[in-house]
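Take a look at the structure set out below.
We did not get these values from a lab; they are worked out from the coordinates using the rules stated. All values derive from a computational prediction rather than experimental measurement. Quick reminder, even Gly has a Cβ in these numbers, built from the backbone with ideal geometry, and neighbours come from all protein chains shown.
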Amino acid sequence: MSNTVLPDSSPLPGRRLKRLMSDYPLVPLILLLVLLVAVLQAMRPGIVNPAWIATTIKFAIPLAILAGCQTMVMLTGGIDLSVGTVATMAAFIVATQGVHHDPGVAIAIALVPALLIGLFNGIGIGVFRVHPLIMTLGTGLIGTGFLQVYQRTVISTGTAVPPSLAWLGTGLSYGVPNALLLFVPVAAFILFLLNRTGFGRLLYAVGDNEHAARLSGVRYWQVILTLYVLSALLAGIAGLLYIGLIKSASLSLAEPLVLPSVAAAVIGGTSIFGGRGGYTGTIIGALILRVLITLLTVMQIAEGARQILFGLIVLLVTAAYLRIIEDR
Amino acid sequence: MTRFLRRRGWVAGLFILFALLLVATKIIQPGYGAGDFVSLSRAVLPYAFAVAAQTVVVIAGGIDLSVAAMMALTSVTAAAMMNGASPSYALFVVPFVLALGFVLGAVNGILIIVTRVPDIVVTLAMLFVLQGAALLVLSAPGGSAAEWLKALVVGTVPLPLLPDAVTAWFPKALLLLVVCLGIVWIPLKHSKLGLSLYAIGSSELAAFRSGVPVARTRILAYAFSGLFAAMGGLTLTMSTGIGAPIPGPYLLASVAAVVLGGVTLGGGRGGLVGPIVAVFVLRLVRTDLTLMAVDPNVTTIVEGVIMVVVVMLGAFLAMKGRSP
């Protein structure tokens, strides 16, 4: 910054705006979200009403939780591609076990594979130092295989989504989605963890400079193991919520959310190389993606063109946002 | 000696593994013969090109998530252009599609350089773009391929002076694979550009300070990746006779085989032979499990376990090698 100081003591308005944006990196994200909603309202007047907002939030929440897993993992310079499989497994198992068991028991059973996959990821990445991309890709593949085998054994039982999950996933109380009852504590937990606890500091430290972190006495494998177990459990919870929202179990339920969850974290300003980012940006990133998807649906263009626009906009937003926050 | 083993050992081990698997296959299914090997080679083709595409980029220290989508786009483009056209028109289609892949790959690279967004995010965004473009070209599987192109991957190579029992083991698909990859990869690897690829993969900063044009090399790495992906897309059209706009499972498979083939994800190490042999190994495992009448879903588990265990083992050996 020092070498770009202008002779004039009052900087130009454009520069001041940019400075403001780089000091408060959430401002441009919120502006973009408002802009997208405004465009939507202009294209289809009256679409932005309380019911629409509730629906958008309902669909954004599972994505935001998965993106939360992605954010935490990306802070250490990793990535978790198994979240889709974990969420799908939790959803599918709760729907099939819900036929015979109490919802509470079914939910507990459904979170077991999440725990196992998280442990496996953590051991592979933390102890054996396997690249996170490969490890989570592999465990995701294994999980999908197990799920397919499991499906054979329950093919005759049918599915039953526990009513409590359906209430949580789809229900509204006074026009406010019930899913917020789950999401607000989860988000508060992640934010508290990242900003206020030693564990959160360790995540940033490991991602920023792993070698320095190790030399300062951080037990790398313990941090990584805890992180991936936590990520998998959150992904499992997101899956439980998602089945309450979609209400029909399938073997690829949450897979389409994986790449958008990475995109939401990246749009929210979390660096994929680690050490920089936070969860607030990610939540706004998830909302931006949801509004964008609605916008592209409302435009009534061909599916192919919609995907092209989605990819281009994600790239453009990320590039622009990186320019803004890196320009300090 | 140990150094030689460490450098070549991985690929040699893969060859031995492949041979062992062939023996195992013969034991499981005594009738397994040349005909099955020919169909194996045919099934491997698109996977092998996907892996080649991924390998080039990974050696240069990057990753390409858009490989499968690129294959889908080039495949439907070829199928749509050849639909109802004369066989000689296909002579124009093939170079056009290859050039398309090269250019789109270069676009990947240029976007990474210009936007300064991490490669994984850029290629992720391009995955959506290419997939969407494929849907615009053909909204449902369709199109057709010229007969002579289809014939290129069917059957065996008629070698003069050799008995049929031997030529039966030389599938045309394998020849096509070796020729296509060799024609691009061998000159590339021995050129200055090839050296630059390895250089920016092992240390971008050191390469930059030694005068390697990092940006240009990175763009070319993605361009060659696009070229290989386009070859993969063409072989998809050639072996199925149509183009399908939905990408196949080639992205996961390509990353798995790259790692299994001894190319480190950090970049700068490995070659093309290892990953290609790894693809054959993975496909043959699948065949074996099918022959043993194992539930195809269990096959997915086995594939995942192989991938994870091999990578863990490799990482563990690397740790051991570093500590003394």
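Collect residues whose amide H, placed 1.01 Å from N in the peptide plane, falls under 5 Å from the amide H of B:Thr156; neighbours closer than 5 in sequence don't count.
Distant-sequence amide H within range of B:Thr156: B:Lys172.
Between A:Glu210 and A:Ala38, what is 0.36 nm times their sequence separation minus the Cα-Cα distance? Round to one decimal in nm. Intermediate results must be reported in sequence, preceding the final value.
On the way: separation 172, 0.36 × 172 = 61.92 nm, distance 4.30 nm.
Taking A:Glu210 through A:Ala38 to full extension adds about 57.6 nm, to one decimal.
Hey, what number do you get for chain B at 222 nm if only DSSP H runs of n ≥ 4 count, each worth -39500 (n - 2.57), divided across all residues, to the nearest 500?
Counting only the DSSP helices, I get -25000 deg cm²/dmol.
What distance in nm lies between label points placed 7 Å from Cα along the C-beta direction at B:Val154 and A:Arg323?
5.3 nm
When ranked by the protection proxy of mean other Cβ atoms within 10 Å per residue, highest first, what sequence do the peptides A:239-246, B:294-301, A:212-219, A:172-179 form?
Listed from highest to lowest mean packing, they are A:239-246, B:294-301, A:172-179, A:212-219.
With springs only between Cα atoms under 10 Å apart, run a GNM on chain A and tell me which of A:Leu181, A:Leu32, A:Leu253 wobbles the most.
A:Leu181
Which of B:Val166, B:Thr264, B:Ala229 sits farthest toward the positive end of the charge dipole of chain B, with +1 on the Cβ of Lys and Arg and -1 on the Cβ of Asp and Glu?
Highest projection toward the positive end goes to B:Thr264.
Checking the a/c ratio against 1.5 first, then a/b against b/c, what shape does the Cα gyration tensor give for chain A? Walk me through the intermediate numbers first.
Values: a/c = 2.08, a/b = 1.25, b/c = 1.67.
It is oblate, given that a/c is not under 1.5 and a/b is not larger than b/c.
Just to compare against my own numbers: the Cα pair-distance distribution for the protein assembly as shown, 20 Å bins, whole % per bin, please.
P(r) over the protein assembly as shown, rounded to whole percents: 17, 52, 28, 3, 0.
Could you point to the residue in A:Thr280, A:Phe192, A:Ala265 farthest towards the positive end of the stretch A:182-280's charge dipole, with +1 and -1 charges on the Cβ of Lys/Arg and Asp/Glu respectively?
Of the listed residues, the answer is A:Phe192.
If you count, for each residue, the other Cβ atoms within 10 Å and average over each peptide, how do A:61-73, A:309-321 line up from highest to lowest? The partial results should precede the final answer.
Values: A:61-73: 29.6, A:309-321: 20.1.
By packing density, highest mean first, the sequence is A:61-73, A:309-321.
Treat each spin label as a single point 7 Å out from the Cα along the C-beta direction, and report the B:Ala12 to B:Phe96 distance in nm.
Result: 4.9 nm between the two label points.
Tell me, what is the percent relative contact order of chain A, built from C-alpha pairs under 8 Å that lie six or more residues apart?
33 percent
In terms of the Cα gyration tensor, with a ≥ b ≥ c the square roots of its eigenvalues, is the stretch A:213-328 rounded because a/c is under 1.5, prolate because a/b exceeds b/c, or oblate?
Oblate, since a/c reaches 1.5 and b/c is not below a/b.
For a test of the definition: using alpha carbon positions, the gyration tensor, and the 1.5 limit on a/c, classify the stretch B:42-275 as rounded, prolate or oblate.
oblate
Computed on alpha carbon atoms, what radius of gyration and Dmax characterise the stretch A:240-293, expressed in Å?
Rg then Dmax for the stretch A:240-293, in Å: 13.0, 38.
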